[in-house]
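The values are calculated or read from the model by the stated rules, or taken from the named source; none is laboratory data. Since the structure is predicted, the reported quantities are computational estimates derived from the model, not experimental observations. When we count neighbours, we look across all protein chains shown, and the Cβ atoms used for this are built from the backbone with ideal geometry, even at glycine.
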Amino acid sequence: MAAASVTPPDGSGAQVGRSGGDFSRGELNAWLYEVMPDGTSQPLWPTSGRPMATVDAAGAVYVSVEGGQSTTTRKYLRVPRAEGMSADPVTVYMDKGTGFWMIQNSGRTNTLRVQQYGLSAVPLRPQAVMPMAGRDVAVWIPVVPHAARQANSESFRLLILSGTERPEAPGQTRLITAPRRYLSDAKQEALIAYFGDHLSWPPLPAPHVRQQAEVEQIAYQARLPKEPTPERWARNRFDVLAGRDGLFTDADWYPRLGGPGRTLANHLAAFHRLVELRTITLRRVCEWALRHNVGPYVIIDRQLVPPA
């Protein structure tokens, strides 16, 4: 089924391809979201399209139950108290030595998860710190659900961060990780149709790679004008990715492992590499979704989209 778009509390629907956020270069912007039972997320507080907190390189963001008096260099994001969550779960600040924004698990009990856009989440242990490696990053804060079905059930709050990446100074080593992969219109469209769950933002708790039948079904349900038919279009876009000359199967940059029974989901490592090399970004996905009329395949809250 096609997932519904996030609707911010101000009533404006979340749409792809438009930036509703208020961004400035060199700043860090932050939002708090609550993950709903269906896996989508809603802002914890009304935002009117603006970040809930913004700091420059001299400042820091503190997620806190008690909150605090925000200043030009200290911004507090108040989060409702929840069982299993520290009173001060996350702190984000700039490391002046490296130029990276640093994410600290300020709690002492539970492990957080940090997720760069389009990639998998990695654990952040209590009191540990890691750099914000990409422009768009989410911090998963586990909490006990209000109606826990089991003793070990968990839900999440999300801290969404967006900031400019540190400029990379040229070195003497040959540069081999530049975003240099060309993606045709058909490949852009195919990546969103099949990997749209992984490209949604805020991230989904359990994204999956779609099967061809699901891609067809969403096209029918959304009444997308895909030619010559949704079935043949979905098959063609599958072949664009995993056919004989597809993006993943005919690539000299990715080892062709596995046999003929290999499924599209088995190419996640190659997909992740495109994200790591910044060939795929949040801004570009929004532009592609609008240009190719495949918005129903991806769920993106437009206020989180940085400018070009």
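Here are the numbers for this structure:
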{"read-out": "First in the range 53-82 and farther than 23 Å from residue 95 by Cα and without any contact (Cβ under 8 Å) to a residue 40 or more places away in the chain, second anywhere and of a type in the set (Ser, Thr, Tyr) and surrounded by fewer than 12 Cβ atoms within 10 Å (Cβ to Cβ), Cβ under 6 Å, 6 or more apart", "value": "none"}
{"read-out": "Extreme residue, farthest from residue 121 (Cα to Cα), among residues of the range 272-290 that are part of a helix (DSSP H, G or I), over 13 Å from the mean Cα position of the chain (by Cα) and in contact (Cβ under 8 Å) with a residue 40 or more places away in the chain", "value": "290"}
{"read-out": "Selection within the range 114-131 - assigned to a loop (DSSP other than H, G, I, E, B) and under 23 Å from residue 278 (Cα atoms)", "value": "117, 118, 119, 120, 121"}
{"read-out": "Residue 186 vs. criteria without any contact (Cβ under 8 Å) to a residue 60 or more places away in the chain and of a type outside the set (D, E, K, R)", "value": "yes"}
{"read-out": "Residue match in the range 126-144 (condition: closer than 21 Å to residue 294 by Cβ, touching a strand residue (DSSP E or B) at 6+ places or on another chain (Cβ under 9 Å) and crowded, with 20+ Cβ neighbours inside 10 Å)", "value": "yes"}
{"read-out": "Residues of the range 75-110 classified as within 17 Å of residue 125 (Cβ to Cβ) and charged (D, E, K, R), total", "value": "2"}
{"read-out": "Qualifying residue in the range 137-149 (condition: at pLDDT below 80 and over 19 Å from residue 42 (Cα atoms))", "value": "yes"}
{"read-out": "Hey, residue 90 more than 22 Å from residue 200 (Cβ to Cβ), among the β-branched types (Val, Ile, Thr) and surrounded by 15 or more Cβ atoms within 10 Å (Cβ to Cβ) or not", "value": "no"}
{"read-out": "Subset tally (residues that are surrounded by 10 or more Cβ atoms within 10 Å (Cβ to Cβ) and either among the polar types (S, T, N, Q) or at pLDDT 70 or above (or both)) for the range 169-184", "value": "5"}
{"read-out": "Extreme residue, modelled with the highest pLDDT, among residues of the range 287-308 that are more than 20 Å from residue 39 (Cα to Cα) and among the small types (Gly, Ala, Ser)", "value": "289"}
{"read-out": "Qualifying position, being surrounded by fewer than 19 Cβ atoms within 10 Å (Cβ to Cβ) and either farther than 20 Å from residue 127 by Cβ or not basic (Lys, Arg) (or both), among 49, 59", "value": "49"}
{"read-out": "Residue match in the range 188-200 (condition: in a loop (DSSP other than H, G, I, E, B), surrounded by fewer than 22 Cβ atoms within 10 Å (Cβ to Cβ) and not assigned by TED's automatic domain parsing to the domain that holds residue 117)", "value": "yes"}
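Per-residue answers, yes or no, for (1) touching a residue at least 40 places away in the same chain (Cβ under 8 Å); (2) closer than 29 Å to residue 302 by Cβ; (3) under 11 Å from the mean Cα position of the chain (by Cα):
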| site | (1), (2), (3) |
| --- | --- |
| 112 | no, yes, no |
| 127 | no, no, no |
| 141 | yes, yes, no |
| 155 | yes, yes, no |
| 169 | no, no, no |
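To keep it simple, each residue is scored yes or no on (1) surrounded by 17 or more Cβ atoms within 10 Å (Cβ to Cβ); (2) assigned by TED's automatic domain parsing to the domain that holds residue 121; (3) modelled with pLDDT of 95 or more.
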site	(1), (2), (3)
237	yes, no, yes
246	yes, no, no
261	no, no, no
271	yes, no, no
276	no, no, no
285	yes, no, yes
